[in-house]
Structures are given as structure tokens and as C-alpha cells.
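Bear in mind that the values in this text are calculations on the coordinates, not laboratory data. Keep in mind it's a predicted model, so treat the numbers as computed, not measured. With ideal geometry, Cβ positions are generated from the backbone for all residues, glycine too; neighbour counts draw on all protein chains shown.
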Amino acid sequence: MIHFDCDYLHGAHPKIMERLAQATLEPHSGYGFDPYCEKAAALIREAVGNHFADIHFLVGGTQTNATLIGAVLHGAEAVLTAESGHINVHEAGAIEATGHKVITLPSKDGKLSADVIEKYLTDFYKDETWIHMSIPKLVYISFPTEYGTIYSLKELEAIAAVCKRYSLKLYVDGARLAYGLAAKGNDVTLKDLGRLCDAFYIGGTKVGTLFGEAVVLKSRSIIPNFFTYVKRMGALLAKGWLNGLQFETMFTDGLYMECGRLGVDWAMKLREVFKQAGYEPIVDSPTNQQFFTLPNTLINKLQKEATFEFWGPRGEESSTVRFVTSWATTEQDIEGLRALLK
């Protein structure tokens, strides 16, 4: 079988596995108070261009979203997201479980626009009964989005400006951040995210680590006592050095961006294989997620030799499917797919 259903199917980059093996018998302080976490945090602060950034390491994406959003919002406050936003569709109500409403807005190819956000906020405060409603205080976007699309720097700046005007915080889900940063045509950098976002996270689980996401807060004042809230949510890893070592490795010698570039390069080859077989992508995704509508007869054939995901319910004659590449995809995988499409 060849596998294209997700980007966390493999273990970790060999450089990480090598370092974990070297360090496994060393004694380490717990909960992230160790030299590896300190070094990783320093490297990330340098990469985002903010030496005052508050860095925390958590295990997975849903855990990170629920913990951070639950800590940012107070009382009856709510988060705005695209209809396709991960916190709305694929996190089993994790945000609502923290006591906060997820408010969805129309989007195009997974992207929110500053205009849509501003219209919602303008209309919200025009309603004299708004004090009886959940109050929007955070905007959540994904980079890349759930459809593999990316925001331009201009779009991101416009959203950040709306958030500032209405006193909302801006949070970016970076589960696949490296693939977005490595995408052709991307003009957003880590330093831009560090400048424009109140909070974002640098995804590791899908980009070469065994597990782990690195939360970046613009300053400690964004979420005072965030460490304690992480503990309260059961999200504090006792062996925190495992995350620190992984992210130190990823942010040494450009490994994080190298993994991103590999995943994107393989995705472009995969897309070309489909196009040569007569199937155009339904979304212009420059990242490692590619979407196609295929005849069910072809899907049935492919499923005998390959794994991938349906994107929505199966249709009567054709269905939309998602193929995902990663840093660990190989030429053999791509050529195997080419043979299946003949």
C-alpha cells in the first residue's frame, strides 16, 4: 500500500530519532524546565523576531487549540472562525467544552477575509441586544487552511487590522505551518506571524516530530499564567524535554523549513501526476494537501493499493477526495500512484 491520507503517518525525522536515542538515558528536569526546552524557545524567539515571545510546548493540535482558546477567552466570550475551520469541524466540540461558543463565518476555499470579519463585527455591535449574546473576542484562522490554501501577507495584515480596531485577538493554527511557509508564492514569514498575531503555534506533529506543537505568544501578557492553565487542562507533559529536544533539532540548520519544502515538492509532483491523468485539482492549493473529484470506479480501484481520505460524503457517481504528502513521501510513492492512474 502507498499512503496519502495524512501527514503524520510516519514516526519522526531521522535526525530527531538519533538525538532522542542519544539523550534517552540523560536525567532531565520535568515540565519543560530543562536545557532542551530553553534552547528550543530561544531558537524560536529568534526565528519569529521577538525576544519577548512566550513559548510553550504542547503535545497535539486539538489539545493546543482547546487549551489556548480556553485561556484567552473569558466568561461569555466567543471565537470567530471559517465554516471549515478545524475547531468547528474536526475537534469534537473541544472548544465548546471549555465553555466558549464557536461562531462560523462564510469563507472561500477555507479563507476568512477581513471584510467578512468586519461586517460581522459591525452588525454585531449595531444590534442593541448584543449584551445578551456571546461576545466575539478572538479570530481563529489556519495557515495553511483546511483546504491547503494560504493567506497573503496583505490579507493577514488586513485581518490583524480589523482585530485591532475591534479589540479582538488573532490566533493562527499552524499545524501545517512549514508547508504553508514553503509554498510557492507565499510571502508570509515567521517574523510576520510573530508581528501580526497575538498567538500562533508551530506544528511539529505533521512536519517531522513524533509529536508536539510550539505555542508562540507575543508576550506573557497575552495569557498571564498560561503555564498554570496548561497544567489545569491536563496538557502539561511531564517529560517536557522530549518536546524541547525535538523543536531544538527542527530549528537547527533549517530542518523545519526543509521538511516543509519536501512535503510541498512531493505535493506538486502528485498534482502533476493527476493532471497528466486528466484530473484537475478542485482547489488551487500550493501546499501538501491536494483535492480532486474522482469517479467512484477509479476511487474503488485506487483503494485497493492506496490510502487517502474522502472529503465529505461519498457521491453517487463521483466523490471528492484528499491526498496528502509529507516530508516522508518518496519518489516510489508518487510513481506507484502514477501506475494506478493509468
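Observations on the model:
- Of the trypsin sites (Lys or Arg not before Pro) in the range 152-205, those whose Cβ has at most 16 other Cβ within 10 Å and which sit in DSSP loop: K184
- Over the chain, dividing the summed -39,500 (n - 2.57) contributions of all DSSP H runs of at least 4 residues by the number of residues returns a 222 nm mean residue ellipticity of -11500 deg cm²/dmol.
- Euclidean distance of C-alpha centroids, the range 122-191 and the range 46-88, integer Å: 12
- Taking θ as phi - 60° and the Karplus parameters 6.51, -1.76 and 1.60, the scalar couplings of the range 115-123 work out to 5, 5, 4, 5, 4, 4, 5, 4, 5 Hz in sequence order, x denoting glycine and proline.
- Here's how it looks for L105: its modeled amide H is under 5 Å from those of T81, A82, E83, which are all 5 or more places away or on a different chain.
- Our estimate of slack between K304 and F52, defined as 0.36 nm per intervening residue step minus the Cα-Cα distance, is 85.5 nm.
- Using a simple spin-label model with pseudo-atoms 7 Å out from Cα toward Cβ, T252 and E272 lie 3.4 nm apart.
- Cut-off of 10 Å, at most 16 other beta carbons, DSSP loop: longest stretch of the chain lacking such GluC sites (Glu not before Pro): 129-304
- When DSSP beta bridges are restricted to pairs lying wholly in the chain, around 55% turn out antiparallel.
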